[in-house]
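The values are calculated or read from the model by the stated rules, or taken from the named source; none is laboratory data. Computed from a predicted structure; not experimentally measured. Because the Cβ atoms are built from the backbone with ideal geometry, glycine has one as well, and the counts that use them run over all protein chains shown.
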Amino acid sequence: MNRHAMMSIPYGDNGIPVYITCKDEKRPAIILIHEVWGLTDHIKSIANRFCDEGYMVLAPDLVADTDLEKVLDLRLQKIIFDEKEKLKHQTEIRRMWTPLRSPEFARQTIQKLQACFDYLLSQDQIGKIGVVGFCFGGTYSYNLAINQPELAAAVPFYGHFDHDDEELKRIMCPILAFYGEKDENLMQALPDLKKRMRQAHKDFNYKVYPNCGHAFFNDTNELTYNKEAAEDAWKRANAFLQEHLS
């Protein structure tokens, strides 16, 4: 049996392309949300690793058939972390970020994630469902936690939390978040997020890795990858998921 495959799940007229692992095997499930770069081989490799750890993984391509897909340029994946090169490509970078700021894009993305959750719920062999996401995916991991009360656990890697207190109160699952110390915007926002989570009595834990920046888990980007931090985060994420999805 092929344990790793592309398929489409129901959504709108065209469906959602997803990479799925360990389908039809009795196990808990993870929705794995990619970085802004889409469903890359790097994300598929993470899905395969989670499969080996005992999970069915559904990794949707959330930029397929969107305005972002039309302007997505994988060349920029490394350029944006090189300050000199970043200055040379400001026009392309701004063009790429623009669709992400659209309320319609956010609405559709949340709907697609709900479709992924509903698909997993429809599978008889699936147990509890968690979410893991990176950057863009970390941000939308928080979104799914807000919008899906049956979610069992959320693991956002360097995601933004841009939600009011009423939305925060809707979170029902435990959260384990990962950050890099040099990721300045997220570091500035973290103390307030921690305070608000505590005041709302949410199960929120986090780990900040020293001498790391954004995308420290991405081993395909030599400008950001930190092997020691990535390996430690992987162990912590798996222990957390085993605790809450088993």
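Conditions tested, residue by residue: (1) crowded, with 20+ Cβ neighbours inside 10 Å; (2) outside any strand (DSSP E or B).
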| site | (1), (2) |
| --- | --- |
| ILE20 | yes, no |
| ASP24 | no, yes |
| ILE31 | yes, no |
| GLY38 | no, yes |
| HIS42 | no, yes |
| ALA47 | yes, yes |
| PHE50 | yes, yes |
| ASP65 | no, yes |
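Cβ-Cβ contacts under 6 Å between residues 6 or more apart (or on different chains), taken from a first residue in the range 1-23 that is within 16 Å of THR40 (Cβ to Cβ) to a second residue that is assigned to a strand (DSSP E or B) and among the hydroxyl-bearing types (Ser, Thr, Tyr), are listed as HIS4/THR21; MET6/TYR19; PRO17/SER8. Residues that are surrounded by 15 or more Cβ atoms within 10 Å (Cβ to Cβ) and either under 13 Å from GLY159 (Cα atoms) or not charged (D, E, K, R) (or both) within the range 190-205 comprise LEU190, LEU193, MET197, PHE204, listed in sequence order. Annotation note: Cβ proximity below 7 Å between a residue of the range 225-246 that is outside any helix (DSSP H, G or I) and a residue that is surrounded by fewer than 14 Cβ atoms within 10 Å (Cβ to Cβ) and among the aromatic types (Phe, Trp, Tyr) (sequence gap 6+ or interchain) occurs for no pair. Considering only residues of the range 52-63 that are under 15 Å from GLY137 (Cβ atoms) and without any contact (Cβ under 8 Å) to a residue 40 or more places away in the chain, which is surrounded by the most Cβ atoms within 10 Å (Cβ to Cβ)? Among those that are under 15 Å from GLY137 (Cβ atoms) and without any contact (Cβ under 8 Å) to a residue 40 or more places away in the chain, it is VAL57. For the range 112-122, a residue qualifies if it is loosely packed, with under 14 Cβ neighbours inside 10 Å and either out of contact with any strand residue (DSSP E or B) (no Cβ under 8 Å at 6 or more places or on another chain) or charged (D, E, K, R) (or both), and the qualifying residues are ASP118, SER122. Checking the structure you have, find out if any residue of the range 28-40 is modelled with pLDDT of 95 or more, charged (D, E, K, R), touching a Gly at 6+ places or on another chain (Cβ under 8 Å) and under 19 Å from ASP219 (Cβ atoms). Taking every residue of the range 28-40 in turn, at least one turns out to be modelled with pLDDT of 95 or more, charged (D, E, K, R), touching a Gly at 6+ places or on another chain (Cβ under 8 Å) and under 19 Å from ASP219 (Cβ atoms). In the range 55-88, the qualifying residues are those that are among the acidic types (Asp, Glu) and over 18 Å from PHE117 (Cα atoms), and the one that is modelled with the highest pLDDT is ASP65. Apart from one condition, ILE31 fits all of (1) in contact with a helix residue (DSSP H, G or I) (Cβ under 6 Å, 6 or more places away or on another chain); (2) farther than 18 Å from LEU144 by Cα; (3) among the β-branched types (Val, Ile, Thr); the exception is (2).
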